[in-house]
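Asks: The structure follows.
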Amino acid sequence: MENGCSLQMDEVLASVAEKVKNFAVIYVVDITEVLDFNTMYELYDPSTVMFFFRNKHIMIDLGTGNNNKINWALKDKQEFIDIVETVYRGARKDRGLVIAPKDYSTKYRY
Amino acid sequence: MATLADSFLADLDELSDNEADVLEEENNDVANMEEDIDGDLADIETLNYDDLDSVSKLQKSQRYIDIMQKVEDALEKGSDISNQGLVLEDDPEYQLIVDCNGLSVDIENEIVIIHNFIRDKYRLKFPELESLVHHPIDYARVVKKIGNEMDLTLVDLEGLLPSAIIMVVSVTASTTSGKPLPEDVLQKTIDACDRALALDTAKKNVLDFVESRMGYIAPNLSTIVGSAVAAKLMGTAGGLSALAKMPACNVQLLGAKKKTLAGFSTVTSQFRVGYIEQTEIFQTTPPALRSRACRLLASKATLAARIDSTRGDPLGNAGKTLKEEIHKKIEKWQEPPPAKQPKPLPVPDSEPKKKRGGRRLRKMKERYAITDMRKLANRMQFGVPEESSLGDGLGEGYGMLGQAGSGKLRVSIGQSKLAAKVAKKFKEKNYGSSGATSGLTSSLAFTPVQGIELTNPQAHAHQLGSGTQSTYFSETGTFSKIKRT
């Protein structure tokens, strides 16, 4: 179950990496190998995506209650690209919190 | 473009008609002829049509006989590569080729004249045939075959015409309004047909001869289009130098057939291709690229003809390079387009938005621009409380709308800036209406304070103008700045 989630997110990230390479770079970190940030960022989900701009952590209002990260597997590539673009725009204007284009409060409902 | 090409084709025909007049006169001067010469040769229509010989003199002319004799001799002799060191013009064979070219043009014109003759005679018998069978030689053959026969089922036209046209011809013949010809007229017509066919064979001989010599005369041209087509092109153009002087678009059209029969589909007809169609290169290109290939071939063939006419490359190397070029170009056209590369997205907000301008955008913006009415409502007079929709300061304020001294109770939509230019033209018609164009406005305005008020047409002009409109071109404007020296 957990594997599937992280694999899916991994695939999305890999396919998107080329397209956003002009303004975003994607790093994949294995939290079982690099444990230094597990407590700091509360990393215990199967997959977590966080955004940093010039060494500053950027928060996103996804509607889920947790503005710090995306801790589920996003399926849609274009959605992810939109989120990255929004974060970039907001971060360039020195905003610490940006509002995601889509609301994920109902993501647990199918 | 179709009409331009049509006019070119018409010019080519016209040219030959004029030559026919000139050449007939030449023939009369050169040859010793026993027949009486008609007084006015320039006007062919006035010729006596009953006598074939008065119409078609070419076959009897000395020039014709001489050249045909030489051609037959040369054909029997076989091809011999004569001294290549000589300048082309001195070579007697070259002179013969030049004469042959001229002669083939003459023969063509002669065939046209005879065709007219046959047509006029045969019109009594079968008038519709001339519109069904266009080609003069085919027409002559058909006329010869049919003769005076009224029932076309007894006549076998197999091999002379395509079967579709045979069918049309037989059907039309059954309903024709023609009558059988008298014996002497019939005989004259058959003679004319024979003469036309003889001229046709003569022309074929001439062309064969020219073709066999083509490699020597115009090596570059023959490398590109092949010797048969080169001979035909030269023949139709009237010589190598004439061909070289033609623009490439004309060369493309040399030998182009006129429009197909009425009633048959024109979808499959090749558009504007002449003898070039018969070249090997053209036949081997896929149909989609044929029109481009035709243009390319015509232009390179014209270049080669120009090289040959000045004898710039006797060995034909230029022709070979041109042919290579043509092959390479046609191959390139057939390449598939390059594969699409996935493009990464541009950085957000890095490219400024493309702001458009122009008349269209201005007119679109006008629809949402602030109208004069709204402007008046937005402003207030100093010290004067404005009226409002609900009265007493409640509701929307009206600002300067309807105030005394503004001169306007009803403010019309207001002209757009562009319409202002038009309105300026018709300003003379506007005096007395204070600028408003609505039919319901009058020069009188009812204001709450002073009652009826007559408007001053100039007053409103300054109310809104200064901030938004340029006063540079204003008629009521003054000097903007006067410096004291």
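Throughout, read-outs are computed from the coordinates displayed, never taken from laboratory work. All values derive from a computational prediction rather than experimental measurement. Cβ sites come from the backbone with ideal geometry, for glycine too, and all protein chains shown count toward neighbours.
Asks: Report the local net charge at B:Ile330: Lys and Arg +1, Asp and Glu -1, summed over other residues whose C-beta lies under 14 Å from its C-beta. Walk me through the intermediate numbers first.
Replies: Numbers: positive: B:Arg290, B:Arg292, B:Arg295, B:Lys300, B:Lys323, B:Lys328, B:Lys329, B:Lys332; negative: B:Glu280, B:Glu324, B:Glu325, B:Glu331, B:Glu335.
Its environment carries a net charge of +3.
Asks: Sticking with the crude label model, points 7 Å out along Cα→Cβ, report the distance from A:Asn22 to A:Phe37 in nm, one decimal please.
Replies: In this crude label model, A:Asn22 to A:Phe37 measures out at 2.6 nm.
Asks: Under 28 Å Cα-Cα from A:Lys102, which lysines qualify once same-chain neighbours fewer than 8 residues away are excluded?
Replies: A:Lys19, A:Lys21, A:Lys56, A:Lys69, A:Lys75, A:Lys77, A:Lys93, B:Lys343, B:Lys353, B:Lys354
Asks: Would you mind checking which residues have amide H under 5 Å from A:Asp61's amide H? H placed 1.01 Å from N; only 5 or more apart, or other chain.
Replies: Under 5 Å from the amide H of A:Asp61 lie the amide H atoms of A:Val98, A:Ile99, A:Ala100, each far enough along the sequence or on another chain.
Asks: What does the charge dipole of the stretch B:48-216 about its Cα centre add up to, to the nearest 20 debye, if the Cβ of each Lys and Arg holds +1 and the Cβ of each Asp and Glu holds -1? Write out the running numbers ahead of the final one.
Replies: Values: 18 positive and 31 negative charges, 123 e Å.
That gives a dipole near 580 debye.
Asks: Could you tally the net charge around A:Lys19, taking each other residue with its Cβ under 10 Å from the Cβ of A:Lys19, Lys/Arg +1 and Asp/Glu -1?
Replies: +2
Asks: Cβ under 14 Å from B:Gln341's Cβ, B:Gln341 left aside: what net charge do those residues give with Lys, Arg +1 and Asp, Glu -1?
Replies: For residues surrounding B:Gln341, the net value is +3.
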